[in-house]
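The structure follows.
The values are calculated or read from the model by the stated rules, or taken from the named source; none is laboratory data. For clarity, every value in this text was computed on a predicted model and none was experimentally measured. Ideal geometry is used to build each Cβ from the backbone, glycine not excepted, and the neighbour counts take in all protein chains shown.
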Amino acid sequence: MANPALSKELRLATEIEIYKKFSIPAACFVFGLLALPLAYRTGRGSRSSGFAVSIGVILVYYILLTNGEETARVGKLEPWVAMWLPNLVLGAFGLYLLVRRNSDKPIMWGGLDQWLRKRSWLNPKNWRRSGSSAELPAEPAPASPSANGGPHVVLRLPRLRLRFPNILDRYVIRLFSGVFALVVLSGLSVYIVADMADRMDDILKNDANFGVVLTYYKYLSLQIVFEIAPIAVLVTTLIVFGILSKSNEVTATKALGISLFRIAIPALFAALVVVAISGFLEARVLPAANARVAQADDIIKGRTAARSYRRADRQWLFGQGRYIYNYLRYDSASQSLNRLQVFEFDEEDSFTRRLFAENASYLGDAWLFENGWVRSFDGGEVLDFRTFDQPVIDYYPETPDYFESEYKLPKAMSYRELKEYIAELEGSGQAVPELQVELYKKVALPFASLVMVLVALPFSFRLGRRGTLYGVGIGVVLGMVFFALLAFSSTLGETGALPPMLAVWSPSIAFIILSIYLMLGVRS
């Protein structure tokens with residue numbers, strides 16, 4: 001810092017890191033001070049709400065920390081203020097809550113506290129109470145045969161008592177829905193905060209306005225919910241049945257002669273609903289939403305290349321000079337373009353030349369075109385047309401870096417569009433196992449929610465009264481194992497070591513076999 005040769009940006013970054021080394025360890029004391037009044041509970045069964053509050057406190061802290069760091073990095077705030085402000089804000093709030101608790105006052109102001117208490121749907125304690133005091137409808141008494149000419153023989157046929165949803169089903173589904181919403185909201189918040197911290201530098205550097213950032217995260221949240229849905233179902237199942245076991249409700253249902261497998265039916269139904277919603281998002285919503293995400297991401301990162309976003313399998317890109325490029329696919333590994341067309345214009349924006357090539361490869365300073373033709377124009381008149389069977393070298397200002405993008409092609413396409421795109425590429429002689437893997441994932445990932453609930457049920461029945469946090473830990477570990485297997489098998493599928501369908505579905509098959517094995521040892 002004392003070196004006068006250091007630039008202003010480097011000096012600010014150094015000061016920020018110095019103050020951060022002291023402010024983050026001090027946050028342990030701040031979190032402890034804030035946790036004391038928040039952890040005080042008058043009732044039982046408040047671990048789920050405590051988990052939600054802890055996630056919220058951590059998010060607030062890191063939002064203040066990351067935003068303060070980026071603000072100080074551009075010189076709009078002193079480094080020591082930016083790094084210590086989260087501790088000061090949360091510490092002052094913790095002291096305020098501690099004083100109110102010490103005076104036997106609620107942590108919120110009286111009016112707000114009474115309003116929240118009246119709204120039972122905002123109180124997690126009431127999620128499990130609603131419906132629990134309801135009585136089962138009494139069976140109507142069988143009508144006795146009439147003495148005056150009535151039948152003397154009554155034939156009774158057995159009735160299947162598989163009514164769904166009954167009171168128990170609605171009770172479990174209501175609890176499942178509340179916990180699932182909480183888990184999804186927590187995962188979505190963590191994902192967005194982490195992504196925003198990573199992109200804050202680009203947002204400030206490229207002066208992206210609030211509308212662009214809001215559009216980016218509004219549409220990105222749909223993809224995030226789709227990706228975390230299987231983990232959310234897994235964690236929710238473990239939490240729900242952990243709560244039911246903790247309150248002895250599972251024991252009570254078993255004492256009434258209701259099997260554990262019957263109790264699991266509402267969870268399976270809820271998982272099927274999640275599968276249907278995920279499938280709808282993948283088929284109807286995500287292709288268009290991911291195109292909007294890519295468009296906003298280009299603005300946030302300051303990309304000046306103008307490209308099309310509506311048809312992801314037909315790329316249009318404006319060149320740096322008087323060129324427009326159209327291509328079917330760009331392969332970043334070989335730095336080649338498939339079915340490339342180049343439209344050239346003169347200084348008066350008149351169309352002068354069109355080039356087509358089945359394949360174009362970059363040689364380091366020029367492009368090598370294979371199997372194509374060139375047509376020249378003067379106004380509406382064709383001046384020249386020639387084909388070439390031998391490779392031709394030509395020079396264009398655009399390099400492979402200009403065609404590189406974080407824009408994920410399969411995510412912006414529906415299942416049908418991607419399937420037709422793969423068929424077209426294979427028809428041109430290209431093997432595209434990586435795209436086939438993405439095609440099968442569009443079906444396998446929504447189905448993974450049902451797989452997760454099948455695996456979570458035997459674990460949740462075995463957890464017993466160990467608590468919801470234990471279930472959260474088991475759920476996170478199982479989710480990490482599943483997606484690690486999926487990533488490993490997908491890599492094998494992309495390299496051709498496994499058939500793409502087997503590579504994508506093998507983790508789900510393995511987890512289904514595991515769930516069947518664990519279910520055999522459950523005392524229902």
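Name the single residue, out of those in the range 293-350 being assigned to a strand (DSSP E or B), aliphatic (A, V, I, L, M) and over 22 Å from residue 410 (Cβ atoms), that is modelled with the lowest pLDDT.
Within the range 293-350, the match that is modelled with the lowest pLDDT is 324.
From the list 478, 486, 492, which one is surrounded by 15 or more Cβ atoms within 10 Å (Cβ to Cβ), part of a helix (DSSP H, G or I), free of Cβ contacts under 8 Å to residues at least 12 places away in the same chain and not polar (S, T, N, Q)?
From the options 478, 486, 492, the qualifying one is 492.
Let me ask something additional. Tell me, which helices (runs of 4 or more DSSP H) wholly within the range 234-286 include 1 or more residues that are at pLDDT below 85 and within 23 Å of residue 516 (Cβ to Cβ)? Break it down stepwise before answering.
Values: elements: 249-255, 260-263, 265-280.
By residue number, 249-255, 260-263.
Residue by residue, here is whether (1) of a type in the set (Val, Ile, Thr); (2) surrounded by 21 or more Cβ atoms within 10 Å (Cβ to Cβ); (3) farther than 30 Å from residue 76 by Cβ holds:
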| site | (1), (2), (3) |
| --- | --- |
| 182 | no, yes, yes |
| 187 | no, no, yes |
| 253 | yes, no, yes |
| 257 | no, no, yes |
